[in-house]
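Values in this text are rule-based calculations from the coordinates and carry no lab data. Since the structure is predicted, the reported quantities are computational estimates derived from the model, not experimental observations. No Cβ is skipped: glycine too gets one built from the backbone with ideal geometry, and neighbour counts run over all protein chains shown.
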2 protein chains.
Amino acid sequence: MIKPILKVLSGEQLETPPVWFMRQAGRHLPEYKKLRTQAKDFIDFCFQPEMAAEATLQPIRRYKMDAAILFADILLIPIGLGRKVTFVPGTGPVLDPLKVTDVEKLELEGAADRISNVFETVKRVSQELDDQTTLIGFCGGPWTVATYMIEGKGSSGKEVAKRFAMQNPKEMEMLLNKLADASADYLIGQAKAGAEVLKIFESWAEGLSPAMFETCVTKPTVRMIERVRSAGIKQPIIGFPRGAGLNMLSFAQQVDVTGLAIGTDTSLTMARDMLGDQLPLQGNLDPLALRIGGSVLKRAVQKVLDDARGPHIFNLGHGVAPDVKIKNVEAVLAHIRTGKGDYV
Amino acid sequence: MIKPILKVLSGEQLETPPVWFMRQAGRHLPEYKKLRTQAKDFIDFCFQPEMAAEATLQPIRRYKMDAAILFADILLIPIGLGRKVTFVPGTGPVLDPLKVTDVEKLELEGAADRISNVFETVKRVSQELDDQTTLIGFCGGPWTVATYMIEGKGSSGKEVAKRFAMQNPKEMEMLLNKLADASADYLIGQAKAGAEVLKIFESWAEGLSPAMFETCVTKPTVRMIERVRSAGIKQPIIGFPRGAGLNMLSFAQQVDVTGLAIGTDTSLTMARDMLGDQLPLQGNLDPLALRIGGSVLKRAVQKVLDDARGPHIFNLGHGVAPDVKIKNVEAVLAHIRTGKGDYV
């Protein structure tokens, strides 16, 4: 018996699309908030397999989502490469900004091993899932992770990272290649531990010139996937170049992904018109509609269902926000699965 | 004798493209910084025709740009509609956030008249320009201005404005219509005072779902332009839906613009492939390259020149930053006009 998400990723269109939500585990769940107090900080939480596995499983128990997504963070890879990452409550991740001369010092050798606690989490979750629920592993896209490393924190314009790329093209290439290779090894480890699907979160693909998109997103992602495939890993891979806009087409043409996750700035109709009806697509309910609820949410869910011709996994266009009401998630799931949700 | 920019906007491809830069007047110029000290604050500066005209003309004298762009701000329209706007040094614009119940109170009647000092600025500049230099008037796009009004300040995710639009579709429509009408009257006033081209800056067109883009950007912009044309105004209109990504195509198909300004996230090649070789395009040197200078800038300028098949006005993909060196601007202009720039 093949799991629904794997069916879709093999090109099958299901009458009821399987569904999971980005950030389905985490701060909107009271059981997560309770669990989280047991760890010293967020990084510690990610590296403790027992707690991380429990957080991964919480939304499966509560919502019966069709996929469990590994509870981890895209910034574990910089830690594997020898950088310091801290999560400051209320601020988000803080890193020592990477200097040009730091690039060659990044310790690629053994990078994935240094964060291999994550593989233990994957193993534990894998043993708990039933024959309907797919385990998804993930990593960040090389550009997105590089941006955090260079800027030292989240930023809206990514100006420091873009400047780094323009002024130091060789060092930028070396950085992206190291990230691609370390991330590939990390995905390989997750796949071997039991991840059935792999997803690459290029969350900050927006606003890049086509030339920079090619160099900083497409090229290293191609390299990452080649390394994963060379290791004999056959799991489907979902790409998520969020906000890529017009660069989405060249991404889909050049990067060998099994499926594409679509952000909120593109309708599924638009994505289908551009990419065809064969490619498995995932998405793209507006996370803001999930926060608002009621008739706004109902209409938005129906629109995604109506637009999604071809193989489709229902998801958000971005992650679940901490203020999302559990009732809203339940209404969406009922709507998808029974045609009728109890929207309030 | 037709001015070069008007030639391009009538569909002619010139061997040497005419050039001007968004925010060519302003803080990167020492003469502007000196002049600016004479006004009490930024709004006061915009409303004093003598000073605003002088600021408009400064880059023409220094660089012989092919266009003078009116020195003003997209947030004068909310002032015309009866809202309070202040510019806090170091922070940017601050407005009283617009509530749902405020929308019907916005005073459309006479809105453009209340900011008609700007027309006097246009008149003064118009009298000073030679027969080669085009005077461009402008307003903000309805969505961008609405976003500032609702959020009360600049914001990266525009979440408050998007929530307003989703939860109060009728009031949002009324707000956008009032902005479209007031902006149309404002453009008509500028055209009658001597503006030869009109530009609509929809600076925050990025990240919108196609449905919201249609409702919040395309529809009110169509309305604005219809009102301008109904008043007998024949001046060419440049649209600039910055960051529209995949929504650019529907914008170009539905909005009757004479030309399109292209942001940095789209190459001119990509824009041409999508929009054809006939449409006049403006853009799209990366403003970050202008800040960096040297060989990075030289290559970026050459790429824009190489990519720009069809009628083309050279410009940036976004505005000149305050830290841009005058030598860099001069090198770009020499490169475009003589084929050789003195890049340092």
Nearest-to-axis residue of chain B, judged by Cβ, for the B-to-A rotation, with distance in whole Å? B:G245, 1
Segments A:173-182, B:154-163 sorted - mean Cβ within 10 Å per residue, highest first: A:173-182, B:154-163
Would you calculate the convex hull of the Cα atoms in the range A:4-338 and tell me its volume per residue in Å³? 121
Work out the charge dipole of chain B with +1 on the Cβ of Lys and Arg and -1 on the Cβ of Asp and Glu about the Cα centre, then indicate which of B:A184, B:V122, B:T37 is farthest towards its positive end. B:T37
Looking at the square roots a ≥ b ≥ c of the eigenvalues of the Cα gyration tensor of the range B:1-152, which shape do they give, rounded for a/c under 1.5, prolate if a/b is larger than b/c, or oblate? prolate
Compactness relative to 2.2 N^0.38 Å, alpha carbon Rg of the range A:209-344: 1.15
Output row for A:G90: copy-to-copy label distances, label 7 Å along Cα→C-beta, ascending, in nanometres, one decimal, is 2.0
Those GluC sites (Glu not before Pro) in the range A:102-140 that DSSP places in a loop and that have at most 16 other beta carbons within 10 Å: A:E107, A:E109
Find how many whole Å separate the alpha carbon centroid of the range B:258-319 from the alpha carbon centroid of the range B:209-233. 25
How high is the relative contact order of the range A:156-290, in percent, counting Cα pairs under 8 Å that sit 6 or more residues apart? 22
So how do B:S250, B:S10, A:S209, A:S230 line up by other beta-carbon neighbours within 10 Å, fewest first? A:S230, B:S10, B:S250, A:S209
Pairs of Cα atoms under 8 Å, at least six residues apart: use those to get the relative contact order of the range A:235-330, whole percent. 28
Mean residue ellipticity at 222 nm from the helices of chain A, using -39,500 (n - 2.57) per DSSP H segment of n ≥ 4 over the full residue count, to the nearest 500 deg cm²/dmol? -13500 deg cm²/dmol
What whole number of Å gives the distance from the Cα centroid of the range A:107-167 to the Cα centroid of the range A:41-84? 11
What average count of beta carbons from other chains do you get within 10 Å of the Cβ of residues in B:161-167? 4
Report the relative contact order of chain A, percent, no decimals, based on alpha-carbon pairs under 8 angstrom and at least 6 residues apart. 20
Which residue fluctuates most in the GNM of chain B (Cα springs below 10 Å): B:D256, B:D273, B:D185? B:D273
Quick check on the range B:141-181: take the gyration tensor over C-alpha atoms, sort the square-rooted eigenvalues as a ≥ b ≥ c, and tell me if it's rounded (a/c under 1.5), prolate or oblate. oblate
Exceeding 29 Å between C-alpha atoms, which entries from my cross-link table qualify? They are A:K3/A:K327; A:K99/B:K34; A:K298/B:K219; B:K64/B:K303; A:K123/A:K170; A:K199/B:K99. A:K99/B:K34; A:K123/A:K170; A:K199/B:K99
Using a label point 7 angstrom from Cα along Cα-to-C-beta, what distances in nm, from shortest up, separate B:E173 from the other copies? 5.5
Translational diffusion of the protein assembly as shown, µm² s⁻¹ [Kirkwood Rh, Cα pairs; Stokes-Einstein; 4 °C; 1.567 mPa s]: 49
Using a label point 7 angstrom from Cα along Cα-to-C-beta, what distances in nm, from shortest up, separate A:G232 from the other copies? 8.2
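Peptide B:33-39: average number of partner chain Cβ atoms within 10 Å per residue? Walk me through the numbers on the way to the answer.
Working: counts 0, 0, 0, 0, 0, 0, 0.
For this peptide, the per-residue mean of nearby foreign Cβ atoms is 0.
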Average beta-carbon neighbours from other chains, 10 Å sphere, peptide B:244-252: 4
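Can you name the helices of chain B, as whole DSSP H runs, whose Cα span along the helix axis is 24 Å or more and whose Kyte-Doolittle mean is not below -1.0?
Those that clear 24 Å and a mean of -1.0 are B:169-193.
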